[in-house]
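For reference, the structure discussed in these notes is given below.
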């Protein structure tokens, strides 16, 4: 079917809007509006059926939000449900920053991609008769009719509404096709340039970010005195000579098996902690020990389920025969694959862990399954 286009030039936005309303009453399609400043579809001037920038931005935002939220939920509550200091496995407030950032990223990338695709498709190009006018002082309305009949009555209507000149042509006309093809090629060229500039900008930003110096400003040298000294006496730090900090127990052992045995003989659990009645030992065990040793100390924690080497069971005869001081030494300095917990746990909390392990050993039998089965197949560490 042959379609026809009509170009009408207006001097003011008011006359343009009146022409758009009149064209829609006649059943004509408003293909494009060329204006000195943006006049979007929100003003009802152009048909927004072709533009998919807004739907693409919405889809990208929803995809980014669901991806960010789903990744955090899956990581924290499904794949690695670790108890960190008794915190909730699904802290929704903590998920907000990542979810927001990925929402904005997805919406931005989708909108820019859709815009580049639309630019590649091209827009109705202006005839040469309209190119001589200063584009900063005119509005050009492009109307499309599906019929093959000339739009003579529309010419008169546009002029009555304030159009300074009009031009009608057939879309299938060779000159029109050539002009549209040239405009499309220009948009395609700009599309490639924009993509190249975006790629180079992201690459440059990555290089600058990776090579940027630390953003923490260096400590400024005092200028009160010539030698840079502030003139104030140095504030002593640490304990006084010959003393130790309060509630600090100096442990003079080495991370060796011989010193672990010596600690079992020399160190004993404090009486106050032995009689303490509080849920804190169980919380400490769930936070620092359960990821590897499991909830009941069988050695079937989450790390083993993820392919790591199973740790030793805390319920074997060898573990039960260990002295309290020797177990305290292992927690302090580590053993084999087990790291040291001296930095994370003060001395009192290490003793609380020893007490909780003793409570597990009193309540549970020796080498209960399934760890006994794992030991039989050689999957667990030797006891």
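Listed values, structure above:
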read-out: Residue in the range 264-279 that is outside any loop (DSSP other than H, G, I, E, B), closer than 16 Å to residue 351 by Cβ and either modelled with pLDDT of 85 or more or not assigned by TED's automatic domain parsing to the domain that holds residue 364 (or both) present; value: yes
read-out: Residues being outside any loop (DSSP other than H, G, I, E, B) and more than 10 Å from residue 270 (Cβ to Cβ) - total across the range 336-349; value: 2
read-out: Matching residues, the range 284-319, being more than 14 Å from residue 361 (Cβ to Cβ), assigned to a helix (DSSP H, G or I) and either outside the structural domain of residue 355 (by TED's automatic domain parsing) or in contact with a helix residue (DSSP H, G or I) (Cβ under 9 Å, 6 or more places away or on another chain) (or both); value: 284, 288, 290, 291, 292, 302, 303, 304
read-out: In the range 71-89, residue modelled with the lowest pLDDT [restricted to those that are in contact with a helix residue (DSSP H, G or I) (Cβ under 6 Å, 6 or more places away or on another chain) and surrounded by 12 or more Cβ atoms within 10 Å (Cβ to Cβ)]; value: 83
read-out: Residue 325, sole failed condition from (1) closer than 16 Å to residue 261 by Cβ; (2) surrounded by fewer than 18 Cβ atoms within 10 Å (Cβ to Cβ); value: (2)
read-out: Residue 117 vs. criteria in a loop (DSSP other than H, G, I, E, B), loosely packed, with under 15 Cβ neighbours inside 10 Å and modelled with pLDDT of 75 or more; value: no
read-out: Flag for residue 352 being assigned to a helix (DSSP H, G or I) and surrounded by fewer than 18 Cβ atoms within 10 Å (Cβ to Cβ); value: no
read-out: Options 153, 66, 47: the member that is modelled with pLDDT under 85 and either exposed (fewer than 12 other Cβ atoms within 10 Å of the Cβ) or part of a helix (DSSP H, G or I) (or both); value: 153
read-out: Lone qualifier among 362, 373 - being farther than 21 Å from residue 254 by Cβ, exposed (fewer than 13 other Cβ atoms within 10 Å of the Cβ) and modelled with pLDDT of 85 or more; value: 362
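The values are calculated or read from the model by the stated rules, or taken from the named source; none is laboratory data. Note that the structure is a prediction, hence the values are computed from the model and not measured. Using ideal geometry, Cβ is built from the backbone for each residue, glycine included, and neighbour counts are taken over all protein chains shown.
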